[in-house]
Amino acid sequence: GQVVSLADYRPTDFVLERVDLTFELDPTETKVETRLIFHRREGADPTAPLVLDGDELVLTSLLFDQIEIDPGRYTATPNLLTIRDLPAAEPFEITITTLINPEANTQLMGLYRSNGIYCTQCEAEGFRRITYFPDRPDVLSVYTVNIIADKAANPLLLSNGNFLGGAGYGEGKHFAAWFDPHPKPSYLFALVAGDLGLVEDTFTTLSGREVALKIYVEHGKEPRASYAMDALKRSMKWDEDVFGREYDLDIFMIVAVSDFNMGAMENKGLNVFNDKYVLADPETATDADYANIEAIIAHEYFHNWTGNRITCRDWFQLCLKEGLTVYRDHQFSADQRSRAVKRIAEVRHLRAEQFVEDSGPLAHPVRPNTYKEINNFYTTTVYEKGSEVTGMIATILGPDLFKAGMDLYFERHDGDAATVEDFVACFAEVSKRDLSQFSLWYNQAGTPNVTVSCAYDVGAGLFTVDLEQVVPPTPGQPNKQPMHIPLRFGLLSAAGAPLAAAGVEGGEVSGDVLHLTERRQTFRFSGIAERPVLSLNRGFSAPVVLHFKQDSADLALIASHDSDLFSRWQALSDLALPVLCESARQTGGKVAAKGRGTKAKSAAVAADPAAAVALTKSLLSIVGDDSLEPAFRAQALALPSEADIARELGSNIDPDAIHRARQALVAEIARAGLDLFGQLVEGMASDAPYSPDAASAGRRALKNAALGYLVQAAQDPAKAAEAYDKADNMTDLSHALGVLVTYFPETEAAQAALGNFQTRFAGNALVLDKWFSVQASIPGDGALARIKALMSNPGFNPANPNRVRALIGSFAFSNPTGFHRADGAAYDFMAEQILLIDKRNPQLAARLLTSMRTWRMLEPTRAEKAKAALSTIEKSSGLSNDVRDIVERMLKG
Ligand code: HT7
Ligand code: ZN
């Protein structure tokens, strides 16, 4: 694969004025006629040829101004069409006919057929698999689309924009015409045809226009689309209320399909969704499913302004639409639900995914400088760190200036293909701040480490905070500049009350935000009457790793008294992590020496008794505090994950030791909180009919977390089996199944529940994904055999990305002890699977392969075995660009 560089960006030589597409749909031989009207850009080389992108295309005809073109004037390969001797100034028309095979398109990029439905996925470079085209995001044009297809099989013919009309077309065919008045890049093109059920509603916009809302799902599944519709209407209203953004077409459509590479796609006026993020009802969807649907419906809808009306100049600017849109969907969910709980979940996810990416071989800046395969840059860094960067702009500017900057961005760049610089300039302008140092967040990869130490001089009433920031080296970036890091903070008295300083020196402090801009900086707070406890990075205002040795008493004070709920949760986590790490270090050595499976029950406590006691006390007091919302208390009960512990340890990782350490602490807390957990399981239960609202979901989350501890304390599956039998919604049912199967996999109770679940939901593939996933996540060496057996289950379909992610993805990403079994057998299995999947769907294969990105952190024996499996992949012939790019970067250095 070739390297594409940001520095090489040049505008096209030709301007595309109009696009007219005619599709004659056929499962294996679809004819696409493309009429393109171009003129040469002013100032462009008058002799430059027109170069159009293609991918596996077959050209059947080529016309210039409606006349067959002289073969000497063009060169066509499956990947490129070059046309020479074109007019220097006046507009001209090129008509291209290509023949494509939607049935054979297993990559799910371009036009493909899924379950009898024709659909398209064009981002990032899928349009070139439909026709030859200047397939890049800075070529904006107005599209007319005609679709001709068999009427009985495809009563529905959809594309972007407004419906122009349709009629019969003879021989059992019909046609429909669509016109999208908004100039758009090719990646936002969409076509859907087939036979689907419809859920309809309307939305009246800010200015009183009525918009028709249509959600298309498989026949019979219409009732399961009502939550998505509700989420859509709430999203439309919220974008008007909070960002002043109104929808701009008369119709907004969503189509749910079952074979899809990602979550959803924001095509103009015609969003295409993975059906997992549309369909929900209490019997089949969990609270988490509902929350995901709400967030993804919102995300794609919000793209209409941040992505579609203002798009990206080139793919290096991907964070311009993705980071900003994630920021917007986070704000939306925070407003719909609990802001603090949402923030905790975001940070958990950021650390589990983005921090890992940022510290490994695949680290790259929020705005990369080069890529070999753009599909591999739809990453958590571009999305989630991109969102954090937007959030830091909001923190630095404050809400009013942030809003003014966003308004300026929308006003100034509507209709543009813009850059990160354009975006940042709007905030610099409204705030009159120099944001050049801040912009390093877009260009420097790596999570900054911030080391903190404090001193208090009682005589002088002076509190000093020393900060030092180090941005670690990352691939291609050995040396880093200091960043502008906005840290929200507070000072607490011994009683937990806020302490105010009379003054501060050493750097900018605006309101409750401390601006760390130097490599080393000392902030001096004067007029402090007693020794304060510093609560730093409240709300996780900056995505950094803090190295701050606060003693257990200070952390316990923050955990119980901070005004910031995020910081209270963080303090609990800071109490738990050292205990867990120390215990993992100790049990690792001991158990390895004595053989596996020996008792490690009290290791967590033995590691650091004082910290373990402080943790248990703080945790149980939060969990038992009825004045706090249940969802927050449930978050407190979810201890740092095994992956969190691995990250904290950083190197020489033994997943078995980590698992034992965490289980020991869980057991310890379960024993200490036995009564409380029993009360919560009873007290949080409800007889009311299921409702997916945040408060009800929070009560279920707390009840189920408590149940998990109770079952473990009892070391008896009976309580989980009872919960399984009693469950009247999927949240409770799948949680009970998870507890049973994870902790007592070989028991009759677990096997009975698995059998019951499978029979009960046979025929519902999305629910069976939960069944696959829960079994794929059972810890221990037995997991691999289980995965292999499940691959022969008739419900498993290797062509469907959701099934593959549920089984193989859950194993690789969510089963550390199973996947990293010491003999390396799972790595070899994964290598085999990656090579098989790569033949069918390179995007999916490349994504699964990233599960091995942490291989260098493993203890040496495992690391060697992982490396060998990766080398096998690297040496294989016929690798896709996608997999080659990932495997090469993972093995480099
Ligand atoms: N903008 C979309 C990103 C995307 C995608 C979606 C489905 C299949 C393949 C894809 N490649 C890129 C989704 C989003 O972020 O909203
Ligand atoms: Zn997006």
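The values are calculated or read from the model by the stated rules, or taken from the named source; none is laboratory data. All values derive from a computational prediction rather than experimental measurement. Note: ideal-geometry Cβ built from the backbone for every residue, glycine included; neighbour counts use all protein chains shown.
Surrounded by 19 or more Cβ atoms within 10 Å (Cβ to Cβ), in a helix (DSSP H, G or I), among the charged types (D, E, K, R) and at pLDDT 95 or above - does that describe any residue in segment 564-572? Yes: segment 564-572 contains one or more residues that are surrounded by 19 or more Cβ atoms within 10 Å (Cβ to Cβ), in a helix (DSSP H, G or I), among the charged types (D, E, K, R) and at pLDDT 95 or above. Residues that are in the same structural domain as Phe127 (by TED's automatic domain parsing), of a type outside the set (Lys, Arg) and closer than 21 Å to Phe14 by Cβ occur in segment 144-156; there is at least one.
Is one or more of the residues making up segment 307-323 more than 27 Å from Leu702 (Cα to Cα), within 16 Å of ligand 1 (Cβ to nearest atom), part of a loop (DSSP other than H, G, I, E, B) and out of contact with any Leu (no Cβ under 9 Å at 6 or more places or on another chain)? Within segment 307-323, one or more residues are more than 27 Å from Leu702 (Cα to Cα), within 16 Å of ligand 1 (Cβ to nearest atom), part of a loop (DSSP other than H, G, I, E, B) and out of contact with any Leu (no Cβ under 9 Å at 6 or more places or on another chain). Exactly one residue out of Asp358, Asp400, Asp335 is buried (at least 24 other Cβ atoms within 10 Å of the Cβ), of a type in the set (Asp, Glu) and more than 16 Å from ligand 1 (Cβ to nearest atom): that is Asp358.
With respect to the conditions (1) hydrophobic (A, V, I, L, M, F, W, C); (2) surrounded by fewer than 23 Cβ atoms within 10 Å (Cβ to Cβ); (3) away from ligand 2 (no atom under 16 Å from the Cβ), Ile374 falls short on a single one, namely (3).
Listed by position, the helices (runs of 4 or more DSSP H) inside segment 765-863 whose residues that are of a type in the set (Gly, Ala, Ser) number at least 1 are 765-776, 783-790, 810-814, 816-819, 825-840, 842-849. Return a yes/no flag: does segment 405-422 have any residue that is under 30 Å from Ala846 (Cβ atoms), crowded, with 21+ Cβ neighbours inside 10 Å, β-branched (Val, Ile, Thr) and out of contact with any Lys or Arg (no Cβ under 6 Å at 6 or more places or on another chain). No, segment 405-422 contains no residue that is under 30 Å from Ala846 (Cβ atoms), crowded, with 21+ Cβ neighbours inside 10 Å, β-branched (Val, Ile, Thr) and out of contact with any Lys or Arg (no Cβ under 6 Å at 6 or more places or on another chain). Report yes if some residue within segment 661-668 is free of Cβ contacts under 8 Å to residues at least 60 places away in the same chain and either part of a helix (DSSP H, G or I) or more than 26 Å from His820 (Cα to Cα) (or both); otherwise report no. Within segment 661-668, one or more residues are free of Cβ contacts under 8 Å to residues at least 60 places away in the same chain and either part of a helix (DSSP H, G or I) or more than 26 Å from His820 (Cα to Cα) (or both). If the condition is being surrounded by fewer than 23 Cβ atoms within 10 Å (Cβ to Cβ) and under 15 Å from the mean Cα position of the chain (by Cα), then segment 275-288 contributes only Ala288. Here the condition is being closer than 25 Å to His349 by Cα, basic (Lys, Arg) and touching a residue at least 12 places away in the same chain (Cβ under 8 Å); of Lys385, Lys372, it holds for Lys385 alone. The residues of segment 334-357 that are within 12 Å of Ser387 (Cβ to Cβ) and either among the β-branched types (Val, Ile, Thr) or within 16 Å of ligand 2 (Cβ to nearest atom) (or both), listed by number, are Glu346, Val347, His349, Gln354.
If a residue has to be more than 8 Å from ligand 1 (Cβ to nearest atom), more than 15 Å from the chain's Cα centre (by Cα) and not polar (S, T, N, Q) to count, how many in segment 256-274 make the cut? Residues that pass the stated criteria total 6.
The rows are residues; the columns are (1) assigned to a loop (DSSP other than H, G, I, E, B); (2) of a type in the set (Lys, Arg); (3) modelled with pLDDT of 95 or more.
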residue: Leu487; (1), (2), (3): no, no, yes
residue: Ala500; (1), (2), (3): yes, no, yes
residue: Leu514; (1), (2), (3): no, no, yes
residue: Glu518; (1), (2), (3): yes, no, yes
residue: Gln521; (1), (2), (3): no, no, yes
residue: Arg524; (1), (2), (3): no, yes, yes
residue: Ser535; (1), (2), (3): no, no, yes
residue: Gly539; (1), (2), (3): no, no, yes
residue: Pro543; (1), (2), (3): yes, no, yes
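Tell me yes or no: at least one residue of segment 74-96 is farther than 30 Å from Ala152 by Cα, within 38 Å of the chain's Cα centre (by Cα) and hydroxyl-bearing (Ser, Thr, Tyr). Yes: one or more hits. Within segment 250-272, the set of residues being assigned to a loop (DSSP other than H, G, I, E, B), within 17 Å of Asn800 (Cβ to Cβ) and within 12 Å of ligand 2 (Cβ to nearest atom) comprises Met262, Gly263.
For segment 153-177, a residue qualifies if it is of a type in the set (A, V, I, L, M, F, W, C) and over 12 Å from Phe23 (Cα atoms), and the qualifying residues are Ala153, Leu156, Phe163, Leu164, Ala167. Only residues that are touching a Leu at 6+ places or on another chain (Cβ under 9 Å) and either over 21 Å from Leu111 (Cα atoms) or among the aliphatic types (A, V, I, L, M) (or both) were counted across segment 258-279, and they come to 3.
All conditions in (1) away from ligand 2 (no atom under 16 Å from the Cβ); (2) in a helix (DSSP H, G or I) hold for Gly360, with the sole exception of (2). Is it the case that some residue within segment 275-294 is within 10 Å of ligand 1 (Cβ to nearest atom) and either in contact (Cβ under 8 Å) with a residue 40 or more places away in the chain or outside any helix (DSSP H, G or I) (or both)? Checking segment 275-294: not a single residue is within 10 Å of ligand 1 (Cβ to nearest atom) and either in contact (Cβ under 8 Å) with a residue 40 or more places away in the chain or outside any helix (DSSP H, G or I) (or both).
Residues that are more than 28 Å from Glu373 (Cβ to Cβ) and either within 16 Å of ligand 2 (Cβ to nearest atom) or surrounded by fewer than 17 Cβ atoms within 10 Å (Cβ to Cβ) (or both) do occur in segment 116-136, at least one of them.
Taken together, the residues in segment 99-156 that are assigned to a strand (DSSP E or B), among the aliphatic types (A, V, I, L, M) and more than 16 Å from ligand 1 (Cβ to nearest atom) amount to 8. Restricting attention to segment 864-879, and to residues there that are surrounded by fewer than 21 Cβ atoms within 10 Å (Cβ to Cβ) and not in a helix (DSSP H, G or I), which single residue is farthest from ligand 1 (Cβ to nearest atom)? My answer is Ser877. Can you tell me how many residues within segment 157-177 are crowded, with 18+ Cβ neighbours inside 10 Å, in a strand (DSSP E or B) and in contact with a Phe, Trp or Tyr (Cβ under 6 Å, 6 or more places away or on another chain)? Result for segment 157-177: 2.
Every residue, every condition in (1) in a loop (DSSP other than H, G, I, E, B); (2) at positive phi; (3) touching a Lys or Arg at 6+ places or on another chain (Cβ under 9 Å); (4) polar (S, T, N, Q), yes or no:
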residue	(1), (2), (3), (4)
Gly446	yes, yes, yes, no
Ser453	no, no, yes, yes
Gly459	yes, no, no, no
Asp466	no, no, yes, no
Leu491	no, no, no, no
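Here Phe189 fulfils each of the conditions (1) in the same structural domain as Met109 (by TED's automatic domain parsing); (2) within 16 Å of ligand 1 (Cβ to nearest atom); (3) over 13 Å from Cys119 (Cα atoms); (4) not aliphatic (A, V, I, L, M) apart from (3).
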